[in-house]
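Report on the following structure.
None of the figures in this text is laboratory data; all of them are computed from the coordinates on show. Keep in mind the model is a prediction, meaning the values are calculated, not measured.
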Amino acid sequence: MDRCVVLVDAGYLLGAAASLLVGEPARSRVTVDHTVLITALRERAEAETGLPLLRVYWFDAAPERRPLPEHRRLRVLPRVTVRLGALTRAEGRWVQKGVDAAMHAELTELARNHACTDIVLVTGDGDLLPGVMSAKEHGVAVHLWALQAADGDFNQSEDLVAEADERRVLDRAWMEQWVRLREVPASFPAPGAAPRIAGLLAAPAQPEAPAAAGRPQPADRLKVVPTPKDLAVRSAAERIPADRTAAVAHGGPVLRWTSDRGWVDRPPADTSATAGDGLPILAQLTTSAQRWADREEDITSVGGDAHEVGQVFARRWIDRFGAADRLAVLWTDYPRIPHRLDGELLRYAARFGLLAHKDDQIDEADRYAIRDGFWKELAARVPGGRAAMADD
């Protein structure tokens with residue numbers, strides 16, 4: 001039939017885009033508008049071949065072949081079919097399994113069944129050479145598209161390039177329609193600046209000796225994110241009250257492992273850590289119908305940017321909590337998010353692939369950005385919230 005089909009190797013497409021824009025093939029460093037990307041692929045394919053598009057096949061990998069949020073968003077778009085291989089760990093890095101084989105099978109099957117007359121391949125992998133040769137033998141014209149490589153480099157198999165019927169290079173201007181750099185917050189505040197997340201990143205330095213006033217001055221603060229070791233050796237003079245008997249009665253200071261900053265005094269056994277810890281989490285406030293609607297919104301509307309994820313979570317929680325007067329208790333602990341709510345927020349963020357390709361951990365800068373997004377949304381809803389963040 002006189003139609004064209006586009007087969008996309010997502011690893012090649014997004015890795016090449018990241019290489020050109022960032023200098024390394026790290027997909028986590030870029031943000032993709034998948035709706036714009038699919039539209040750009042369709043329009044370009046129809047213009048190049050002069051034929052209507054049958055379908056775009058998107059080949060990618062995911063842990064245990066379970067679709068990531070980007071795959072769920074893609075597969076509900078018109079004329080898009082997602083095929084997933086496995087993403088496994090090997091020698092400390094992520095490795096795709098089965099993607100090449102799936103592309104080869106689809107390529108030869110489309111040609112054998114005369115489902116189209118032209119196939120556009122967006123890939124650089126020489127393993128597809130036998131499939132290209134087979135498709136040509138069945139009368140299919142093969143168009144091979146490359147993405148512009150950084151510094152004039154070459155990012156496709158020479159044998160694959162030689163076998164293709166038509167070849168095109170997609171330049172930076174074409175890529176910039178649908179991809180942009182992911183905004184990563186600085187790991188420490190700029191001199192003289194007061195960003196919203198500065199409180200999350202700042203921690204007192206290790207004092208050589210207690211100052212006369214009993215506390216180190218602001219100039220002594222570390223200029224980098226503190227490590228657990230940094231926090232563990234902090235001077236007792238900073239946090240332990242002057243009345244050391246009170247500290248002993250409480251069991252001494254304790255190091256929390258959520259969004260708390262360093263050592264905090266252990267509370268009495270019969271009280272909660274803070275008033276905010278008594279607030280309900282989102283799951284307790286969400287009905288089955290709302291959970292379904294949230295899932296649809298996540299798939300179709302939420303892009304996965306770290307700040308955006310934090311804001312979406314906060315918006316849902318605030319709208320369903322409803323008690324605006326009780327929200328004010330959170331500001332007493334800003335920028336700390338209550339332990340249970342903080343854990344739920346990070347688990348929600350993990351759904352958007354923010355931990356993919358990062359050793360199953362959410363990147364430290366992303367964690368700060370997620371929490372900053374939460375506070376930004378809360379500040380817009382609570383009287384005096386914006387002023388509280390501005391003073392931080």
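State whether the stretch 88-153 is rounded, prolate or oblate according to the following rule on the C-alpha gyration tensor (a ≥ b ≥ c being the square roots of its eigenvalues): a/c under 1.5 gives rounded; otherwise a/b larger than b/c gives prolate, and the remaining case gives oblate.
Oblate.
Taking 0.36 nm per residue of separation and subtracting the Cα-Cα distance, what length does fully extending Asp277 through Thr300 add?
Full extension from Asp277 to Thr300 adds 5.1 nm.
Give me a comma-separated list of calculated 3J(HN,Hα) values for the stretch 76-85, in order, Karplus coefficients 6.51, -1.76, 1.60 applied at θ = phi - 60°, integers in Hz, x for any Gly or Pro.
9, 7, x, 6, 10, 10, 9, 10, 10, x
Using Cα centres only, tell me the gap between the stretch 43-108 and the stretch 128-160 in whole Å.
17 Å
Starting from 0.36 nm per residue, how many nanometres of slack lie between Asn155 and Asp171 once their C-alpha separation is accounted for?
Full-extension gain reported as 4.4 nm.
Could you tell me whether the stretch 4-181 comes out rounded, prolate or oblate from its Cα gyration tensor? Rule is a ≥ b ≥ c as square roots of the eigenvalues, rounded for a/c under 1.5, then prolate if a/b exceeds b/c, otherwise oblate.
Cα axes put the stretch 4-181 in the rounded bin.
Tell me, what ³J(HN,Hα) does each residue in the stretch 173-180 have, in order and in whole Hz, if you take phi through Karplus 6.51 cos²θ - 1.76 cosθ + 1.60 with θ = phi - 60° and put x for Gly and Pro?
4, 5, 5, 5, 5, 10, 10, 8
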